[in-house]
Amino acid sequence: MIEKNVELITNSLSQTYELIKELLSTCKSFKFNVSFITWGGYQILAQTLEKVHNKNIKGQILTTSYQEFNDPKILQLFLDNFDNFEMKVVDQKTIFENKISSSFHPKGYIFEFDDYYEVIVGSSNITRYALLKNIEWDVVVRENMPEVYDQAMVEFEDKW
């Protein structure tokens, strides 16, 4: 675990992908709340996700039909290949009926460990460019800020 309690990841300083890969490989469970998942994003995480699946690490992935950006075939790959992951898609009808907002555009990652957690919140979706190349700003919050973890969990469960 890195010693800093809060850190900015920008892809020019360090890659969001490398941090997500490391945290996925060592966590006991995870929750992703992202607007977009592309084929490129799936491809670069697939090998790590396979390892996570083989270790029976549980995961929940919440995404959306916002702007019809996600390809349903990619979302189906998650469900077909990783039976220990759950996935839900928040569609525009659900957004409207539940008065969530006119859009659903979060980018958050929650990793739970035996005795700590890490939360990443920022601008990175699960796309190749967001995780590797784009100028994205993601803030990593580590274990001694339970209020951030608690707020992220409440928000995730509310939308789930």
The chain, accessible surface, carbon-and-sulfur percent (1.4 angstrom probe): 52 percent
Helical contribution to [θ] at 222 nm, DSSP H n ≥ 4, -39,500 (n - 2.57), averaged over the chain, rounded to 500: -11500 deg cm²/dmol
The chain: relative contact order in percent, alpha carbon pairs under 8 Å with at least 6 residues between: 33 percent
Nonlocal amide H pairs with Phe36, under 5 Å, H built at 1.01 Å: Ile126
Max mean-square fluctuation residue, GNM over the chain, Cα-Cα springs under 10 Å, options Asn70, Asn125, Asn54: Asn54
Among Leu45, Leu75, Leu13: highest mean-square fluctuation, GNM of the chain, C-alpha pairs under 10 Å: Leu13
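The values are calculated or read from the model by the stated rules, or taken from the named source; none is laboratory data. On a predicted model such as this, the values are computed, not experimentally measured, just so you know. Please note that ligands, DNA and RNA were not included when accessible areas were found on the heavy atoms of the full protein model with its side chains. Shrake-Rupley method; radii C 1.70, N 1.55, O 1.52, S 1.80 Å.
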